[in-house]
Amino acid sequence: MSYVTVRGVPHYYEWIATSQTPALDKPTLVFLHGWAGSARYWRSTAEALKSEFNCLLYDLRGFGRSIPQEQPLPTQAITPETAWDDYDLESYAHDLATMLSEFQLGPVYINAHSTGASIAALFLNRYPQLVKKAILTCNGIFKYDAVAFQQFHRFGGYAVKFRPRWLSKIPGIDRMFMARFLHQGIPAAERVAFLEDFLIASEAAALGTMFTAVSQKAAEVMPLEFAKLSVPTLLISGEFDQIIPSAMGRQAAELNPDSIEFCVIPRTGHFPMLEDASAYLHCIQRFLAVA
C-alpha cells in the first residue's frame, strides 16, 4: 500500500492508470469519497476512465486506510460546537491542495461525492488555478432547521459511538445498513465494504465531519460557495437520493448557471456511480471530454 504524508497524517493513495508509473501523458482525475467511506468505491469508475485519465484515489484523513495505527482519544467530547477546530471541511480542502503539491500535480480534474463534494466545492474557490473541471456527485444546499439538525446529530452521534466490529458478522446487516442510501441494488461485496469502512472510521473524523457538513454554518456558507464557483462544474444527483435529494442539487446549480451544469441520473439513490454505472459514465464523459 502507498502512503503520502499530508499535514502530518499518512494518507493512503492509489493510482488507477494504464501505466504502472503514471506520468504526464494524460490528464489527472482526482477522486474524493464521502462521509465514513473510502476511495475503494470509486475503483470501478476509475477503471472505466483510465484510458483517458490517470486516476488518483485517496482516503480522507481519519477514514479508510488514512487512520493512524494508534488513534489518540479526543481530549474533550466532540460536539457541533467544537468540531470545527480539527475536522472542518475547509481543512480537508487544504489537505487536497497539499497532496497535489506533494505529487506536483495541477491543474487536475476532480470527481467528488457527498461530503467529499462539499470539500471539493470549497477547494474550487480557494484553489481555482489547480482545477480544469470538477464533478460534484450527490451534493446540494439545504436550509437550517435547528430541531432537525439536533436530532440528526444525536442519532448520528449514537451510531458513530456504538460501532462494534462484530456488527459486520451479522447476516444481512450490510443490506440493512445500505438500504437508505440506495434505490437500485449493488453487489454484496460493495455493501460489505461500505459497512467495514464505517466501522473502522476514526470517531473524531466521523463526528467532526458530520457536525460540520450538517450545521448552521454549512447551511449559510455553502450557497455562497456554489454561487461564486468559476471552475466549470457538473453537479450530479440521483433521482431518488434520500440523503441529499435531487431538489437540493438543482437549487445549488441554479445559483450559478454560468459555471454549474446539472444532471440527474434516473432511478438511482445516493451512489449513482454504482447503481447505474453506464448512465453515470455517459454523463461524466460527455462533460469531461478532453480535446
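Structure values in brief
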| item | result |
| --- | --- |
| Neighbours by Cβ (under 6 Å, 6+ apart or cross-chain): first from the range 44-64, open to solvent by 10 Å² or more (accessible area, probe 1.4 Å); second assigned to a helix (DSSP H, G or I) and among the aliphatic types (A, V, I, L, M) | A48/L281 |
| Enumeration of residues in the range 18-32 that are surrounded by fewer than 22 Cβ atoms within 10 Å (Cβ to Cβ), out of contact with any Phe, Trp or Tyr (no Cβ under 7 Å at 6 or more places or on another chain) and either of a type in the set (A, V, I, L, M) or in a strand (DSSP E or B) (or both) | A23, L24 |
| Residue within the range 87-94 that is over 20 Å from the mean Cα position of the chain (by Cα), at pLDDT below 95 and assigned to a loop (DSSP other than H, G, I, E, B) present | no |
| Among residues of the range 201-248, those that are modelled with pLDDT of 95 or more, open to solvent by 10 Å² or more (accessible area, probe 1.4 Å) and closer than 19 Å to F155 by Cα, counted | 3 |
| Selection status of D174, among the charged types (D, E, K, R) and under 21 Å from the mean Cα position of the chain (by Cα) | yes |
| Within the range 171-232, helices (runs of 4 or more DSSP H) holding 1 or more residues that are more than 24 Å from D88 (Cβ to Cβ) and touching a helix residue (DSSP H, G or I) at 6+ places or on another chain (Cβ under 7 Å) | 173-178, 188-200 |
| Options A279, A252: the member that is farther than 19 Å from H33 by Cβ, open to solvent by less than 10 Å² (accessible area, probe 1.4 Å) and in contact with a strand residue (DSSP E or B) (Cβ under 8 Å, 6 or more places away or on another chain) | A252 |
| All positions within the range 104-140 that are more than 15 Å from the chain's Cα centre (by Cα) and either over 13 Å from T233 (Cα atoms) or β-branched (V, I, T) (or both) | Q104, L105, G106, P107, V108, R126, Y127, Q129, L130, V131 |
| Residues (touching a Leu at 6+ places or on another chain (Cβ under 7 Å) and either part of a loop (DSSP other than H, G, I, E, B) or open to solvent by 40 Å² or more (accessible area, probe 1.4 Å) (or both)) located in the range 124-169 | K133, N139, R163, R165, S168 |
| Residue in the range 146-153 that is closer than 20 Å to G37 by Cα and out of contact with any Ser or Thr (no Cβ under 6 Å at 6 or more places or on another chain) present | yes |
| Members of the range 95-123 found to be under 24 Å from D25 (Cα atoms), in contact (Cβ under 8 Å) with a residue 24 or more places away in the chain and assigned to a helix (DSSP H, G or I), listed by number | L96, A97, T98, M99, L100, E102 |
| Evaluation of W35 against (1) open to solvent by 40 Å² or more (accessible area, probe 1.4 Å); (2) over 18 Å from L89 (Cβ atoms); (3) at pLDDT 95 or above (one fails), failing number | (2) |
| Candidate set from the range 255-276 (those that are part of a loop (DSSP other than H, G, I, E, B) and hydrophobic (A, V, I, L, M, F, W, C)); member that is most open to solvent (accessible area, probe 1.4 Å) | L255 |
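The values are calculated or read from the model by the stated rules, or taken from the named source; none is laboratory data. None of these values were measured; they are calculated from a predicted model. Neighbour counts run over all protein chains shown; Cβ positions are idealised from the backbone, glycine included. Note: accessible area is taken over every heavy atom of the protein model, side chains too, but ligands, DNA and RNA are not part of it. Shrake-Rupley method; radii C 1.70, N 1.55, O 1.52, S 1.80 Å.
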